[in-house]
Every structure is written in C-alpha cells, then in structure tokens.
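Q: Structure below; questions to follow.
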Amino acid sequence: MKNALQASDTILASLLVALVLLIASAVSPAFAQEALSSWNDTPAKTRIVDFVKATTTEGGEGYVAPEDRIAVFDNDGTLWSEQPIYFQFAFMLDRVKTLAPQHPEWKAKEPFKSILAGDPVGVMKSGERGIVDLAVTTHAGMTTDQFSKIVADWFASARHPKTGKPYDEMTFVPMRELLDYLRSNGFKTYIVSGGGVEFMRPMTEKMYGIPPEQVVGSTITTEYAIVGDVPVLKRLPKIDFVDDGKGKPAGINKFIGRKPIFVAGNSDGDYEMLRWVTAAKGPGFAMIVHHTDADREVAYDRKSAIGKLDKALDEAERRNWLVVDMKTDWKKIFAFEQ
C-alpha cells in the first residue's frame, strides 16, 4: 500500500511539473514567434526571430538585459502608409480649409491660396518655407490640450484619399505584430519619427500599443502660460526640433537616453538612425520596409518624392540591414484585406 501511495505521489508530482512546463511554454518568448502570423515564412521572418531569440536567451553570447532591449520605429511608411501624401500633411490641408473663413488674406497668399484652390502643384511650388509656414499656422495658436482634441477629432472623421478607410485602419498589420512580438520578449518599443510628436501621441497607444511618453518626433515651441487662472501650455508658431535624418539619433539620445538594439525604418530619412544603431559594439538589428506591392499598397523607392529610399537601399546588404519586401514577406498588409 505504501509503495502504491508513493507511486501515486510520483505520478501526481510529474503531472504537476508537466502542467507547469506547459503553462510556462505557452507564454515563453520562444512561442511568441507564432504571433507573426501575417509574415510569410521567408528569411526575413527567420532573421527577426533568430535575433530576438539570441538577445533573450540567458547565458547566450548575444544576450541583452531587459533594460537594454530598446526598439525604435519610424512611423510614416514604416508603421502606417505614407502615400499618396503624409497623413499629417492631409491634416494640415484640412485645417487650412477649416480656418480659412477667419483668414481672408489667405486667398492671395501661398501656400494657402493653392490649397484653397485645390492646386497641389502650387502648394509644392511654395517650397520648404511655404511648408514650414503651413505647419506652424495649422499647429500653433492653441494649447496642447486643444490641439490634442483637434487631432483626435480629425482621426475620427478623416478618410484616406485612396482607400476611403479611416486613417487608423491604414496601419501595417505585420508591423503591429512585430511590435507585440518584441514587447512579449521584453523589449520596450518607441516611435522615432519626423512627424509632429503631438500629432502622433493622441493615436499611438490605440494604434500600436505605444504610450505617448514613448513617442519621439518633431516639435514646435511650447510656452507655459496662465489663462483664466488656469496653467496651460501654449503652442507657438516656431519650430523647435526636427526629428528627421541626423535629428533622429540626436532625438533618441535626448529623449530616450539609451541606445537601441533594434531599429526599423523605410526611407533615407532613417539612414542616420540605421547607421548609428548598428555601428555599436554588441547586438544591433536594422530593418528597412521596402514598398514593393503596387496591388495591395504602393510600390516606390528611389524616385519617390515621399519616402524616398535610395542611399539606405544601396548600403543595406553590406551593412547587413534586413530589407523587408512587402510583396514577398507579408501575407497581408492591412487588416481590411480579404
């Protein structure tokens, strides 16, 4: 009888151990790769999974402590679509139309004149100075809270000019899965974008699971003020910081304070960020989203005025940067695809 009880206890203990191992495996990083379900089983997916395994396997040569698992992502063209125009530029155009009744002088002043006339070529002819004027005019003269509400309301009603879908449906499913996959393996994910930081922040948590404090972007000057005995931050018509090109590594250092080990971009505007992250000693992974699918999205690279990818594409192979081919590597691009 005693032997039978001992045998029973042994079997029970074995079952408990097996159950614990089963539960652990279900949430372990090794199984998180199944979350990349919108990725085809190509070398691109394999390289990502291999890097994550190497950096999260304790005792391994490439192991990285959780506090140093920082991943940064460009936004326009990397996490959401950027063609035929940047989302924020579409927002600016709509803001001009909304504000136009208060500014009759815009009928004779560029780039506002061309916007109101529906002339995109004329808008572009105004050059960088005209675009800067457009940005500060449509983004300043209000408090930060007011601007946040304006942005949220715009996202709730605006539609993409090509698909007719709400802008929050124009995010790339495989990239959202990648963000989730990295976070499930102890990575902290940030957006580092040339877009306006306060244009992105109202939406990034809903779209990507990235909270506002983990968004780095271009900024205009803000100023503390008292309005009706209430402290506010007023947005002034002055550019403070441009988070693009060389500004991206500087922005990461200034606002994050840790050097990333994973970086994703899609254009030459991300070149300096890709170089900086992968030049460090130790693990460093860089990937470029290459827009190659004209049927499901848009195919563009070297000649595009928006999201130009030329220099970074030329150097990707010799610098061991992963180039993700949207047509080949992704099963689906948008959630609304059949």
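The values are calculated or read from the model by the stated rules, or taken from the named source; none is laboratory data. Here the structure is a predicted model, which means the values were calculated and not measured. Here the Cβ is made from the backbone with ideal geometry for all residues, glycine too, and neighbour counts use every protein chain on show. Note: accessible area is taken over every heavy atom of the protein model, side chains too, but ligands, DNA and RNA are not part of it. Shrake-Rupley method; radii C 1.70, N 1.55, O 1.52, S 1.80 Å.
Q: Under 12 Å from the Cβ of residue 114, count the other residues' Cβ atoms, weight Lys and Arg +1, Asp and Glu -1, and hand me the total.
A: So the environment of residue 114 carries a net charge of +2.
Q: Then there's this: Roll a 1.4 angstrom probe over the protein heavy atoms and tell me the percent of accessible area of the chain that is carbon or sulfur.
A: Numbers: 9380 of 17090 Å².
Carbon plus sulfur share of accessible area: 55 percent.
Q: Quick one: dipole size for the chain, taken about the Cα centre, charges +1 on Lys/Arg Cβ and -1 on Asp/Glu Cβ, in debye to the nearest 20.
A: The dipole magnitude comes to about 300 debye.
Q: Report, to the nearest 10°, how far helix 87-99 tilts away from the longest principal axis of the Cα atoms in the chain, using its own Cα long axis and a range of 0 to 90°.
A: On a 0 to 90 degree scale, this one is about 40.
Q: Along the three principal axes, how long is segment 179-326 when you take its alpha carbons, biggest first, rounded to the nearest angstrom?
A: 58, 35, 28
Q: If one computes P(r) from the Cα atoms of segment 24-174, what percent of pairs lie at distances over 29 Å? List each step's numbers first, then the result.
A: Details: 4661 of 11325 pairs.
Counting pairs separated by more than 29 Å, the tail of P(r) holds 41 percent.
Q: I would also like to ask the following. Which order do 240, 68 take when ranked by solvent-accessible area (1.4 Å probe, heavy atoms of all protein chains), largest first? Let's see the in-between values first.
A: Values: 240 95, 68 65 Å².
Of 240, 68, the descending order of accessible area is 240, 68.
Q: I would also like to ask the following. Jot down the radius of gyration and Dmax of segment 261-317, Cα atoms only, both in angstrom.
A: Values for segment 261-317 (Cα only, Rg and Dmax): 12.2, 40 Å.
Q: Still on this model: Report, to the nearest 10°, how far helix 127-139 tilts away from the longest principal axis of the Cα atoms in the chain, using its own Cα long axis and a range of 0 to 90°.
A: 80 degrees
Q: Which of 179, 54, 101 sits farthest toward the positive end of the charge dipole of the chain, with +1 on the Cβ of Lys and Arg and -1 on the Cβ of Asp and Glu?
A: Value: 101.
Q: Here is a further query. Provide the three semi-axes, in whole Å and in decreasing order, of the ellipsoid equivalent to segment 155-236 as defined by the square roots of 5 times the Cα gyration tensor eigenvalues.
A: With the √(5λ) rule applied to segment 155-236, the semi-axes are 28, 19, 11 Å.
Q: Something else about it: Bin width 10 Å, alpha-carbon pairs only: give the P(r) of the chain as whole percents, running from 0 to the bin holding the largest distance.
A: It works out to 5, 22, 30, 21, 11, 5, 3, 1, 1, 0, 0, in whole percents.
Q: Okay, moving on. Heavy-atom accessible area per residue, the chain, 1.4 Å probe: how many Å²?
A: 51 Å²
Q: Out of all DSSP beta bridges with both ends in segment 191-333, state the antiparallel percent to the nearest 5.
A: Values: 9 of 20 bridges.
Once the DSSP bridges in segment 191-333 are tallied, antiparallel ones form about 45 percent.
Q: Of the listed peptides 217-224, 183-190, what is their order by residue-averaged count of other C-beta atoms within 10 Å, with the highest listed first? Before the final figure, lay out the partial values.
A: Details: 217-224: 16.9, 183-190: 19.4.
The densest-packed peptide leads the list: 183-190, 217-224.
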